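First the structure, in the form of structure tokens, and then the observations on it.
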């Protein structure tokens with residue numbers, strides 16, 4: 001059907017935005033027929049602002065219970081709106097467990113997923129004999145004392161480009177298990193241990209499977225060299241069980257400077273668990 005010549009025509013524009021969310025309130029990122037996901041809530045709010053259906057593409061799909069400090073998405077829309085509408089307007093419609101941080105118009109070549117050069121995930125673990133209460137939704141927990149030095153030694157064996165099949169979920173749909181782990185830091189603050197991993201991309205459950213393996217090393221079940229043996233074996237059955245989702249945060253997604261996207265300093269300070 002041809003458009004009537006007197007009707008106004010607006011060229012579609014591409015918008016990038018970043019949001020943080022409390023993953024404990026949702027069934028994960030990806031839309032489901034029954035709703036209840038972060039994507040469902042965000043698309044509904046943006047559609048109300050735009051006055052038309054909106055479909056968003058994210059930098060990295062998170063599982064149920066996993067949080068985000070800076071999830072980046074893009075969407076195409078014909079509606080002409082000020083950038084503030086995509087932030088304050090959307091936040092007025094979103095549940096309190098999701099908040100848009102910024103929005104920018106970007107060229108149509110920008111892609112939230114394929115344009116990401118690196119991603120940083122942070123896993124927050126409470127290491128004490130008694131399980132946490134207030135932190136239960138925002139941190140993992142392990143009851144036995146963990147040897148941080150041993151876990152750091154094990155983590156160093158995973159740096160670089162490798163086939164991470166041993167830490168890959170059976171449901172992972174990635175075309176290749178090869179990833180480059182650029183940085184792996186383990187930070188301590190009292191009873192809290194933070195595992196910070198920066199890579200070009202991650203496989204499904206890769207971070208949580210690595211954390212489980214390091215906890216095995218930290219509690220003395222295996223020596224640090226075992227982590228390297230598991231990696232080389234490329235066999236998921238050789239690694240430890242997948243660790244809990246609650247402590248995992250998508251902290252940052254990095255893009256080329258030419259996109260001129262905002263960069264938030266120290267997003268980890270927004271984590272509710274600060275011991």
Check your understanding: When the gyration tensor of the chain is built from Cα positions, what are the square roots of 5 times its three eigenvalues, in whole Å, from largest to smallest?
Key -> 38, 20, 16
Review point. Hey, what's the Cα Rg ratio for the range 13-115 versus the globular rule of thumb, 2.2 N^0.38 Å?
Key: 0.97
Practice item. Measure nothing but the geometry: give the 0 to 90° angle between the long axis through the Cα atoms of 38-50 and the longest principal axis through the Cα atoms of the chain, rounded to 10°. Key: 20
**Study point:** the chain - mean residue ellipticity at 222 nm from DSSP helices (-39,500 (n - 2.57) per run, n ≥ 4, rounded to 500)
**Key:** -5000 deg cm²/dmol
Exercise for review: Would you mind ranking 205, 222 by Cβ crowding within 10 Å, fewest neighbours first?
Suggested key: 222, 205
**Study point:** Whole-angstrom Cα spans of the range 118-251 along principal axes, big to small
**Key:** 40, 29, 24
Check your understanding: In square nanometres, what is the average projected area of the Cα convex hull of the range 195-244?
Key -> 3.7
Check your understanding: How far, in nm, would the chain grow between residue 83 and residue 13 when pulled straight, counting 0.36 nm per residue and subtracting the alpha carbon separation?
Key -> 24.0 nm
Point to revise | Helix 206-218 vs. the chain, principal-axis angle (Cα, 0 to 90°, nearest 10) | key: 20
Review point. How much length is gained on full extension from residue 30 to residue 92, taking 0.36 nm per residue of separation minus their Cα-Cα distance?
Key: 20.1 nm
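Bear in mind these aren't lab numbers, they're just calculated from the coordinates by the rules spelled out. It should be emphasised that the depicted structure is a prediction, and the values quoted were computed from it without experimental measurement. Glycine also receives a Cβ, built like all others from the backbone with ideal geometry; neighbour counts cover every protein chain displayed.
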